[in-house]
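To start, the structure itself, in C-alpha cells.
The values are calculated or read from the model by the stated rules, or taken from the named source; none is laboratory data. What you are looking at is a predicted structure, and each value in this text was computed from that prediction instead of being measured. Heads up, the Cβs are rebuilt from the backbone with ideal geometry, glycines too, and the neighbour counts pull from every protein chain shown.
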Amino acid sequence: MEQLTPLDAAAAAEVERQVLGRAKLRPRRAWGVPGRAVLAVDPAAAERRREDAVRERSVRLYPQRDGMTGLYALLPAPEAIRAYQALTRHRERPDR
C-alpha cells in the first residue's frame, strides 16, 4: 500500500489494521479506505504525501497518427479541472 510510505511503523500497523478490518468491502467502496485511514492516523503524513505528489506533477505529449497528439497530465485536481475546461472550450470553438 503506497499510502503507508510516509508513516512510521506503528502508524502503518494501525492503518493496516483499519484497512484489513474493511477487507470485505466491494473494490469500488474499498478504494478510499487506506487514504482515509492514513488521514485519521497521521494527518501530517497524508499532507507530506500530497506535497510529494504535487512535486511529481507532469504533462506529456504522445505523438499519434494523422497529425494528432495525445496529452497526459498528472496535476492537482483543481489545476486538472481548469486545464480540462480550457481544452474543452478550445475544442468546441466554432472556427476549429
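Quick notes on this structure:
- Put simply, of 23, 30, 77 the only residue that is of a type in the set (A, V, I, L, M, F, W, C) and modelled with pLDDT of 70 or more is 77.
- Qualifying residue in the range 65-72 (condition: more than 20 Å from the chain's Cα centre (by Cα), at pLDDT 80 or above and acidic (Asp, Glu)): yes
- Selection from the range 70-96 of residues that are out of contact with any His (no Cβ under 9 Å at 6 or more places or on another chain) and loosely packed, with under 10 Cβ neighbours inside 10 Å: 70, 72, 77, 78, 88, 89, 90, 91, 92, 93, 94, 95
- Candidate set from the range 34-52 (those that are under 12 Å from the mean Cα position of the chain (by Cα) and basic (Lys, Arg)); member that is surrounded by the fewest Cβ atoms within 10 Å (Cβ to Cβ): 50
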